[in-house]
Amino acid sequence: MIQRAYVIVSVLLLGCATAGTSVATPAAAPARTETFTTEMYLGLMQVSEARISPDGAQVAYVLSVPRAEGDGPGAPWRQIWLIDSAGGRARRLTAPYADAWSPRWAPDGRTLAFLSQRKSYHGKPQVFAIPVGGGEATPLTKHETGVGGFAYAPDGARLVYWATAPDSPERKAALKGKQDWKVEGQYRGHRRLWLVELAGARVAATQVTSELHVLNASWSPRGDALLVHATQNPDADEELIHSQLYRLDLRGSAPAAMTQLTQREGKLGPGAWSPSGARIAFTAGVDLNDPTAGSLFVMNADGSAARSLSEGFLGTLRWADWLDDDTVVFAAIEGPGTSLYRLPLGRGRRARLETGAALCYQPHLAADRRRYACAADTAQHPAEVHVGQIPGAPLRRLTVTNPGLERVRFATQEVVTWRAADGWEIQGVYIAPRAGSGPAPLVVLPHGGPEGSDENGWKGYPGQILAARGYAVLYPNYRGSAGRGVAFSKGDHEDLGGKEFDDILAGVDSLAARGAIDPGRVGIGGWSYGGYLSAWAGTRHSERFRAAVMGAGISNWMSFTGTTDIPAEMSLVHWALWPFEHPELAWERSPMAYLSKAKTPMLILHGAADARVPPSQGLEMYRGLRHAGVEVELVTYPRAGHGVREQAHRADVVERFVGWFERHLGAPSP
């Protein structure tokens, strides 16, 4: 999984009455007369993790607020906010600078627990709880290494959390003496499960697993067992393609037995218990080579009678749960949008539920399993809190986190389709330029993955920013993308950079045939796998592109496979072969192999601490292009991994990314 990651940037508070304010949707929208700018984008606050209360009356959510000058480097502050499901004014529940996330309702709905990282508790994330009516947050855990995630038991008297086991005294002494070498293949840092009894004044934690590396856990409806998503070792490849589901039976506070429920190869998502606890639904790939965990499966709670329920579905599941013991509900990417379906387990057909235009990927159900909340976006705004009912009317928006956007006139955004050279139908999102006349310069923005996808939702950066400056923009969902079924997502197997890139070229030709763009002024820029496609465009297909931005991209498949943290995932579910075993093909599809053809000016951006696509990939490309005499610029960001998080770094990425195309594609016609 080379992540799709156009960098999300939040730096300045702009267009907001007060920091963190979130208000109900106004009855009358203001006139849209303003142009979307980089400054507006940099000031956006972000909504995520919407969780509806058990009684459906309130929604808790995370609001990411940009750091002000003087706050020091770091990602935006995360705060927990509450809003009534009926609408009204939201209120902040946690301190503005304490950084809080992962809100979880207690079963009685009177308390909200969350993760927060505070200096007084080892400086590591811990579980805190706060009364919904207001008050001070109290710690529920004091784990030495910090907590990765947690879940309330159905009775509310216990919770389970997963965290890395502390080092032994011997290991601590060795580290203190700088005996800190690492032996490849010998793993440390396994996440285990701990059970916390919340009754009484003293919070006590008991370790209940000593094997496996835990990714996630959820309680059975009766509270007598845990469904555990885990791997053998804390390895990125294992987490992505070699995880399994287990059942951990509990007797009081002690574990009874751990039973493996699945024996699958390939990607696997977390499971969901049916209301009675008799069945489990989960998402997974159909085999080891499936790029996504996007198909639906159901099995008995003992792991027997597992079966697929989504064969032939031309979409990609992102979430699944239960409406009742005989009906599953799931959310999926379907073409350029998202869909919500109910599916009876008998002979009934799946039924699409009304959600409206907002794109909802991860709903959260209330206790009645009919009302739900989600963070959903549209082409006019980034994710906001929405609520809905099953079945029912379209999603209803509760928050307007960035009221300044209500005055912006966005460029026209639409879904476009075209035919690939071999006849496949390809889709994408096209944004027409707001300024200029005649055929416009075009910027192609390929997503990462390659199993990512671009839906017709929020495209503020970089799409709407570029369109506001007079550039046409294309987000192509080339073969290999999610959202079109298993066969489509496998469509680039053994052919990375081949027909999938021909799909992109056909999209450019289609826009040129419409007279919408100037084929002589085309640029391309992306992050992760999108960075690879951009480097490929600027070398192998240099004659077609006037400018390229390679963000955390791959330049050499052989050296990448030998240095990334996901060699097996990238090779098995995307290549569907090992580059080590096919060195000729791997080199033939490497941008470095085409330096003699390269003429396209290229900007290379990379996190200095990127383990997914090591920064040596960018350095190889930079030195190769310099040797070839091609204009190239390399910028690395200290401390940054595969995504750039610090606000000053993010602002720099935005300015360089957009500025590179202005510099090399020229100004649009007035």
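Since every read-out is calculated from the coordinates, none of them should be taken as a lab result. This one's a predicted model, so the numbers in the text were calculated from it and none came from an experiment. In this analysis, Cβ positions are derived from the backbone assuming ideal geometry, glycine residues included, and neighbour counts consider all displayed protein chains.
For the residues Ser102, Ser534, Ser590, what sequence is obtained by ranking on other C-beta atoms within 10 Å, fewest first?
Listed from fewest to most nearby Cβ atoms, that is Ser102, Ser590, Ser534.
If you take log10 I(q)/I(0) by the Debye sum over Cα atoms at q = 0.09, 0.11 Å⁻¹ from the coordinates, which of (1) -0.79, -1.23; (2) -0.98, -1.27; (3) -1.08, -1.10 do you get?
(1)
How high is the relative contact order of the stretch 63-102, in percent, with contacts defined as C-alpha pairs under 8 Å that are six or more residues apart? Intermediate values should be presented prior to the final figure.
Working: 59 pairs, mean separation 14.3, N = 40.
Relative contact order of the stretch 63-102: 36 percent.
If you stretched the chain out fully between Glu211 and Arg171, how much longer would it get, using 0.36 nm times the residue separation minus the C-alpha to C-alpha distance?
Numbers: separation 40, 0.36 × 40 = 14.40 nm, distance 1.87 nm.
Length difference between fully extended and current span is 12.5 nm.
Determine which lysines satisfy two conditions relative to Lys499: a Cα distance under 22 Å, and not lying fewer than 8 residues away in the same chain.
Within reach: Lys490, Lys597.
Amide H of Gly483 versus every other amide H placed in the peptide plane: which residues, excluding those fewer than 5 positions away on the same chain, fall under 5 Å?
Residues meeting the amide H criterion: Thr316.
Grab the beta carbon distance between Arg352 and Thr37, set R0 = 25 Å, and tell me the FRET efficiency rounded to 0.05. Walk me through the numbers before you get to the answer.
Details: r = 38 Å, r/R0 = 1.50.
Approximately 0.10, to the nearest 0.05.
What's log10 of I(q)/I(0) for the stretch 403-483 at q = 0.11, 0.12, 0.20, 0.27 Å⁻¹, Debye sum over Cα points only, no solvent?
So the normalised log intensities are -0.31, -0.37, -0.90, -1.29.
Output the 0 to 90 degree angle, nearest 10, between the alpha-carbon long axis of helix 499-513 and the longest principal axis computed from the alpha carbons of the chain.
For helix 499-513, the angle is close to 60 degrees.
Kindly provide log₁₀ I(q)/I(0) values, in the same order as q = 0.23, 0.31 Å⁻¹, from the Debye equation applied to equal alpha-carbon scatterers of the stretch 500-548.
The calculated log intensity ratios at q = 0.23, 0.31 Å⁻¹ are -0.82, -1.23.
Under 5 Å between amide H atoms, partner at least 5 residues away or on a different chain: which partners does Ile524 have, H built in plane at 1.01 Å?
Val444, Ala547, Ala548, Val549
Relative contact order (percent) for the stretch 505-606, with alpha-carbon contacts under 8 angstrom and 6 or more residues of separation? Working shown, then result.
On the way: 168 pairs, mean separation 31.2, N = 102.
Across the stretch 505-606, relative contact order equals 31 percent.
Across the stretch 410-665, what fraction of all alpha-carbon pairs, as a whole percent, falls in each successive 5 Å bin from zero upward?
P(r) for the stretch 410-665, in whole percents per bin: 1, 7, 14, 19, 20, 18, 13, 6, 1, 0, 0.
Using only the alpha-carbon atoms, how far is helix 616-627 inclined from the longest principal axis of the chain? Give it as 0 to 90 degrees, nearest 10.
With both axes taken from Cα atoms, the answer is about 10 degrees.
Please compute the length gained on full extension between Tyr187 and Gln362, using 0.36 nm multiplied by the number of residues separating them and subtracting their Cα-Cα distance.
Contour length minus the Cα-Cα distance gives 59.8 nm.
If the label point is 7 Å along Cα→Cβ of Lys599, which residues in the stretch 613-634 have backbone nitrogen under 19 Å from it?
Zone members listed by number: 625-633.
Using the Karplus equation 6.51 cos²θ - 1.76 cosθ + 1.60 (θ = phi - 60°), what ³J(HN,Hα) coupling, rounded to whole Hz, does each residue of the stretch 263-271 give in order, writing x for Gly and Pro?
9, 10, 10, x, 6, 8, x, x, x
Taking 0.36 nm per residue of separation and subtracting the Cα-Cα distance, what length does fully extending Glu69 through Glu425 add?
Computed gain between Glu69 and Glu425 is 123.3 nm.
Taking the Cα-to-Cβ direction at Arg407 and at Asp235 and moving 7 Å from each Cα, how far apart do the two end points lie in nm?
The modelled label-to-label distance comes out at 5.6 nm.
Can you give the angle from 0 to 90° between the axis of helix 647-665 and the longest principal axis of the chain, with both taken from C-alpha atoms, to the nearest 10?
20
Amide H to amide H under 5 Å from Gly43: which residues, 5+ apart in sequence or cross-chain, H placed 1.01 Å off N in plane?
Hits under the 5 Å cutoff: Val11, Leu12.
So which of Lys124/Lys267; Lys142/Lys176; Lys124/Lys172; Lys142/Lys172 end up more than 21 Å apart by C-alpha?
Where the Cα-Cα span goes over 21 Å, the pairs concerned are Lys124/Lys267; Lys142/Lys176.
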